[in-house]
Amino acid sequence: MFQNPQSVRHQCAPRSFSTKLAFQAGLLVLLGAVLSTGCVSNEQYKSEKARCLNFQRLLAQEENRASTLDDKLAYKDKEINKLNAQLKEMEDKIAASESENRDLTVKLDALEQQNHQQSEPESIPESSTLSKDSDPSGEKTLSEPSLSDPFLSDEELTNMLDHRDIKE
């Protein structure tokens, strides 16, 4: 139970004092280094703050511009859709007109063919009557031309009128 007094004295006093002092000194040096490197000057802080505010202002302007452009894009999309609808209507009208035009062309061709077929038999009897010539005077009697006849060509009408003028 008894211990050597020399060993007790040597153990406690010198070691604890030097370790505590070294630890405190190291902590102060470390704290000083952190504080001295972590701090910035007031001037540098203000310039960074102004720079940050400038970036925030520019960001707000760009967001506003982007919003405006999005609105314009939406409006243009509506216009494009409206114009596409009008284009579709016009294409449908054109297709209907082309179909009607084809039908009318077919009818016109049929009427022209019918007119041509009716005018051929009239020209054939004229040539046969010329060869049989039953009229001793040599004059040919023609039926009176009707201006209401839609199948007479301008040439036929002119010929009939010229023959009529000769008779009178």
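Coordinate-derived values only; no laboratory data. Keep in mind that what you see is a predicted model, and the values were worked out from it rather than measured. Neighbour counts run over all protein chains shown; Cβ positions are idealised from the backbone, glycine included.
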Calculated FRET value between Asp109 and Lys88, using beta carbons and R₀ = 30 Å, to 0.05: 0.40
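In nm, what is the difference between 0.36 nm times the number of residues separating Lys20 and Cys52 and their Cα-Cα distance?
Details: separation 32, 0.36 × 32 = 11.52 nm, distance 4.53 nm.
7.0 nm is the gain from fully extending Lys20 to Cys52.
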Show me, for region 65-81, the HN-Hα J-couplings you get by feeding each phi into the Karplus relation (A = 6.51, B = -1.76, C = 1.60, θ = phi - 60°), rounded to Hz, glycine and proline as x. 5, 5, 5, 4, 5, 5, 5, 5, 5, 5, 5, 5, 4, 5, 4, 5, 4
Along each of the three principal axes of the Cα atoms of region 40-95, give the extent in whole Å, ordering the values from largest to smallest. 79, 10, 7
